[in-house]
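The values are calculated or read from the model by the stated rules, or taken from the named source; none is laboratory data. None of these values were measured; they are calculated from a predicted model. Cβ coordinates were reconstructed from backbone atoms using ideal geometry, including for glycine residues, and neighbour counts include every protein chain displayed. Ligands, DNA and RNA are stripped out before the accessible areas are found, and what is left, the full protein with its side chains, is counted by its heavy atoms. Shrake-Rupley method; radii C 1.70, N 1.55, O 1.52, S 1.80 Å.
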Amino acid sequence: EVQLVESGGNLVQAGGSLRLSCSASGFTFDDYTIGWFRQAPGKEREVVSCISSSDGSTYYADSVKGRFTISRDNAKNTVYMQMNSLKPEDTAVYYCAASSEIRRPVLSSMYEYWGQGTQVTVSS
């Protein structure tokens, strides 16, 4: 059974920090790019970051560059996203997802497996 489970979402004040975790099982974790997406109420789901399985290259949306850092620990089948200098506009449900796409996957349609999401709320 394929499973991706997010954790670490919370309520935090603007300027604060959180670290999200995504634990994976049921597939060959080392072969997949792992991405983080977020969806705010009434808005489309958007890519936040992703990290490749091959060379560890990363991608970040312009809105989070310099504030968020994605990393992975293949020995633990886990991906992390450190979020610093949080802003109210970062408020959303955050999802992790896995893609076997050879090219850098920046669209949600390119991901095969999805977690259930974790809520991040940033107060002003």
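Miscellaneous remarks
- Scanning segment 78-105 for residues that are more than 17 Å from residue 9 (Cβ to Cβ), open to solvent by less than 50 Å² (accessible area, probe 1.4 Å) and part of a loop (DSSP other than H, G, I, E, B) yields a single hit, 105.
- Within this structure, residue 89 fails the test of being in contact with a Gly (Cβ under 7 Å, 6 or more places away or on another chain) and charged (D, E, K, R).
- When the residues of segment 30-45 are filtered to those that are modelled with pLDDT of 95 or more and touching a helix residue (DSSP H, G or I) at 6+ places or on another chain (Cβ under 7 Å), the one that is most open to solvent (accessible area, probe 1.4 Å) is 45.
- Checking each residue in segment 1-25 for being crowded, with 16+ Cβ neighbours inside 10 Å and of a type in the set (Val, Ile, Thr) picks out only 12.
- Residue list for segment 1-56, filter: more than 12 Å from residue 96 (Cβ to Cβ) and of a type in the set (Val, Ile, Thr): 2, 12, 28
- When segment 106-124 is filtered for residues that are out of contact with any Gly (no Cβ under 9 Å at 6 or more places or on another chain), assigned to a loop (DSSP other than H, G, I, E, B) and either of a type in the set (D, E, K, R) or farther than 12 Å from residue 6 by Cβ (or both), the ones remaining, listed by number, are 107, 112, 124.
- Every residue from segment 107-124 that is open to solvent by 50 Å² or more (accessible area, probe 1.4 Å) and among the aliphatic types (A, V, I, L, M): 107
- Residue in segment 49-56 that is part of a strand (DSSP E or B) and in contact with a helix residue (DSSP H, G or I) (Cβ under 9 Å, 6 or more places away or on another chain) present: no
- Of the criteria (1) under 8 Å from the mean Cα position of the chain (by Cα); (2) part of a loop (DSSP other than H, G, I, E, B), which one residue 42 fails: (1)
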